Amino acid sequence: MAEIAVVGTGYVGLTTGTCFSRLGHRVVCFDNDAAKVEGLRDGHVPIVEAGLDELVTQGLEDGLLRFSTETKDGVASADFVFLCLPTPDLPNGSVDMSYVDAVAKQIGPWLRPGTVVVNKSTVPVGTTRHVAQLLGRDDVFVVSNPEFLREGNAVADFLNPSRVVVGGDDAGAVERVAKLYDGTNAPVITCDATTAETIKYAANAFLATKISFINSIANICEYLGADVRVVADAIGRDPRIGGQFLQPGPGFGGSCFPKDTIGLLRLAEDAGYDFGVLRSVIEANDQQLARTVAKVRDAVGGSLRGMAIAVWGLTFKANTDDRRHSPAVEVVRRLVAEGAQVTAFDPTVSGVVPELPSVGVAANAIEACRGAEALVVLTEWREFAIVPPASVREVMAGAAVVDARNLLDPGSWRSVGFVYQGVGFRPQ
Ligand code: UDX
């Protein structure tokens, strides 16, 4: 059992701290948001993550997990300090390191000799050494231990990782961090810090590449009359390709892929390399958003001005409440910009959406469709797939459905008179 301090209780920090307590370590999680800490102490988990609520409650009951705003008292008694801090992208595409820098400077004097500081957030290559300099200590260690957690699946991804990556200049410190994951039985890859930081960017950039690739193949299929669903299944059976992340959609989003692809592109440019493939991935993603909007525009006759449009889904994907860089929000923003009157439903949204102030928010999927000329499915919440098409038909003014996630059953929707369009295959 180790004494672990986790600084930051966002999607990564809360999952990391809680899952480490599940593995038997004694964990204290810090956040400067006192109300959030208070809620966590009562077992109130402010994010949607399958299984997290139960593990927080378990950790609190076992006395292995606690929450505090007093970073100093926990850091000073920790063997490991995990930095799980926001590293948002700045308007110019670079990474905002202000949170990491501030905490590194703050905790430096408090650390016990021999403590290992662990960078968990996705950070620019070179951050491990940068943090070591800010700590101003030669008797502590810094390693990179990038997270590979998918939102909505983070607990499972943490406890059953396909691999653990730990990178650092001190082999002993690297080994100590690797041992924290003993309870997961995952293969551990140890390397230098730069390599570990690069692994994280390369992983996300490749996954984003797969998505832009299948979105492009889907668009070609629409021209050719081929069916991308069969193409994806057939190529995915080749173990060299793999069947996951071949689902076409409105484009990738979230707090990672958009930021990390641009971050890696800039990194390559700074290193003097023109990463053209990655630039095309980013361009293809923006084109996919535009293509989704164009499909809706065409479905209502060529102009969105004054058109009532129903939208199902605002989060960046299903099973999360996160709307950061959501393709759904971006598509809605563009629909509104062209004059559409949008009413949306998302199971995680109630009340006005701050980033979409003019968009109506319905209490349920069918209400969102009342009087609408077209319905657009932008997030693959399973509950959308079981809404009876006939009930939707009764309340809609128009008969157009643009299913940007290939979630709905085309036959069922067409059977009640809808003009259904998916992604990557032609309406029959
Ligand atoms: C991603 C990586 O998967 C994870 O390993 C990393 O640690 C953090 O970034 P996340 O951003 O939570 O995780 O979501 P992910 O499931 O990867 O989806 C990212 C975006 O790609 C979403 O907008 C999703 O809808 C989209 N996507 C994903 C597709 O459009 N098609 C797919 O087949 C898969």
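The values are calculated or read from the model by the stated rules, or taken from the named source; none is laboratory data. All of these numbers come straight from a predicted model, not from anything done at the bench. For neighbour counting, all protein chains shown are included, and Cβ atoms are generated from backbone atoms with ideal geometry for every residue, glycine included.
Have a look at 225, 243, 236, 249 and point out the one that is touching a residue at least 24 places away in the same chain (Cβ under 8 Å) and within 13 Å of the ligand (Cβ to nearest atom). Being touching a residue at least 24 places away in the same chain (Cβ under 8 Å) and within 13 Å of the ligand (Cβ to nearest atom) holds for just one of 225, 243, 236, 249, which is 249.
Quick one: would you say residue 6 is touching a residue at least 60 places away in the same chain (Cβ under 8 Å) and surrounded by fewer than 18 Cβ atoms within 10 Å (Cβ to Cβ)? Give the steps one after another, and end with the answer.
On the way: touching a residue at least 60 places away in the same chain (Cβ under 8 Å): yes; surrounded by fewer than 18 Cβ atoms within 10 Å (Cβ to Cβ): no.
No; evaluated as a whole, the condition is false for this residue.
Reported count of residues in the stretch 48-67, each being at pLDDT below 95 and either buried (at least 18 other Cβ atoms within 10 Å of the Cβ) or of a type in the set (Phe, Trp, Tyr) (or both), is 1.
Looking only at residues in the stretch 266-316 that are outside any helix (DSSP H, G or I) and within 16 Å of the ligand (Cβ to nearest atom), the one that is nearest to residue 338 (Cα to Cα) is 311. Against the test of being assigned to a loop (DSSP other than H, G, I, E, B) and at pLDDT below 95, the options 351, 371, 398 yield a single qualifying residue, 351.
May I ask you to list the residues in the stretch 163-195 that are polar (S, T, N, Q), out of contact with any helix residue (DSSP H, G or I) (no Cβ under 9 Å at 6 or more places or on another chain) and under 21 Å from residue 123 (Cα atoms)? Spell out the reasoning first.
Of all residues in the stretch 163-195, those polar (S, T, N, Q) come to 184-185, 190, 194-195.
Applying the additional criterion that residues be out of contact with any helix residue (DSSP H, G or I) (no Cβ under 9 Å at 6 or more places or on another chain) yields 185, 195.
Hit for the stretch 163-195 is 195, nothing else.
Inspect all residues belonging to the stretch 134-156 and state whether any of them is touching a Pro at 6+ places or on another chain (Cβ under 9 Å), on the phi > 0 side of the Ramachandran plot and surrounded by fewer than 15 Cβ atoms within 10 Å (Cβ to Cβ). Among the residues of the stretch 134-156, at least one is touching a Pro at 6+ places or on another chain (Cβ under 9 Å), on the phi > 0 side of the Ramachandran plot and surrounded by fewer than 15 Cβ atoms within 10 Å (Cβ to Cβ), which makes the answer yes.
So in the stretch 238-264, with the set limited to residues that are touching a Gly at 6+ places or on another chain (Cβ under 7 Å) and farther than 22 Å from residue 334 by Cα, which one is surrounded by the most Cβ atoms within 10 Å (Cβ to Cβ)?
The first filter runs over the stretch 238-264 and keeps only residues touching a Gly at 6+ places or on another chain (Cβ under 7 Å), leaving 242-243, 246, 248, 262.
If we keep only those that are farther than 22 Å from residue 334 by Cα as well, we get 242-243, 246.
Working: 242: 12, 243: 14, 246: 21.
Per the criteria, the residue is 246.
Of everything in the stretch 191-220 that's of a type in the set (D, E, K, R) and within 16 Å of the chain's Cα centre (by Cα), which residue is modelled with the lowest pLDDT? Per the criteria, the residue is 200.
The C-beta contact set for the stretch 317-329 (first residue in a helix (DSSP H, G or I), second residue near the ligand (Cβ under 9 Å from one of its atoms), distance under 6 angstrom, 6+ apart or interchain) comprises 327/250; 327/251; 327/253; 328/379.
Pairs are defined by a Cβ separation below 6 Å, a sequence spacing of at least 6 or placement on different chains, a first member in the stretch 358-385 that is closer than 19 Å to residue 316 by Cα and assigned by TED's automatic domain parsing to the domain that holds residue 423, and a second member that is of a type in the set (D, E, K, R) and part of a loop (DSSP other than H, G, I, E, B); the pairs so defined are 377/405; 380/405.
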